[in-house]
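No lab work stands behind these numbers, since they all come straight from the coordinates. No experiment lies behind these values; they were computed from the predicted model shown. We place every Cβ from the backbone using ideal geometry, glycine too, and count neighbours over all the protein chains shown.
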Amino acid sequence: MLVGFGFVTVPNVGLVLSTGIDMAAPLGTPIAAARAGVVTSVGFDDSGLGLLTIIDHGEGILTLYGYQQAATVQVGQRVFQGDIIGFVGQGGPTSAPALHFEIKINGQSVDPVPLLSGAPPPPPVVSFTTSSPPAPSAPPPDSAQCSYFVQVGAFASPANAQNLIDLLRSQGYNVQERSTASGLHRVLAGPYCSRSAAEEATGRLQGAYPGAFVVEQAA
């Protein structure tokens, strides 16, 4: 792996926020779709991801494949898990042959590794350890004094909310899910017994979840 998810240090560049993972692979290695979906975009990306393909899998889930040498699919095409959608090219901070891979859930980038762990990874995805920062310790959730939470996300789909809950719990966070009157499923880390503790947790979470913010006495 060349670059992990979250805040990572890149040689000759420094500390950068990576919204996906960059995986080393020989130039021209076939790239497979992570799961079934519909291709929504194929073209060069202005943010530096080179030739980029985006696949919509429904329920707010997108996968992105960057730094491609060539793409073999077109917009509107339906693909199935394992279908070849392109070939590994060169790009990223190191300019080495690599695949840039991202998963977005309702517009929010998440670490691909836990979500891929239960299924065979698409070539050239390889196993590696996450560089996510350790979770700060949180007080017991039944403490009456602890009324601060960090809202990490809100989803229309309970399945998407559960995916994020499972991911955060695997990183050591206490997590709760609360539903709003409008039917959104809020994912809340905590509780924390002071605003400063909640703000510290928010600062750590915002590296991977830029939309995280502090709420008090969540209903």
Simple spin-label estimate for residue 96/residue 213, 7 Å along Cα→Cβ, in nm, reads 4.0 nm
Quick calc: nm separation of the 7 Å Cα→Cβ label points for residue 181 and residue 206 -> 3.0 nm
Residues whose built amide H sits under 5 Å from the amide H of residue 50, excluding neighbours closer than 5 in sequence, are 45, 67
Note, region 105-111: 3J(HN,Hα) by Karplus (6.51, -1.76, 1.60, θ = phi - 60°), whole Hz, Gly/Pro = x, goes 10, 6, x, 10, 5, 10, 5
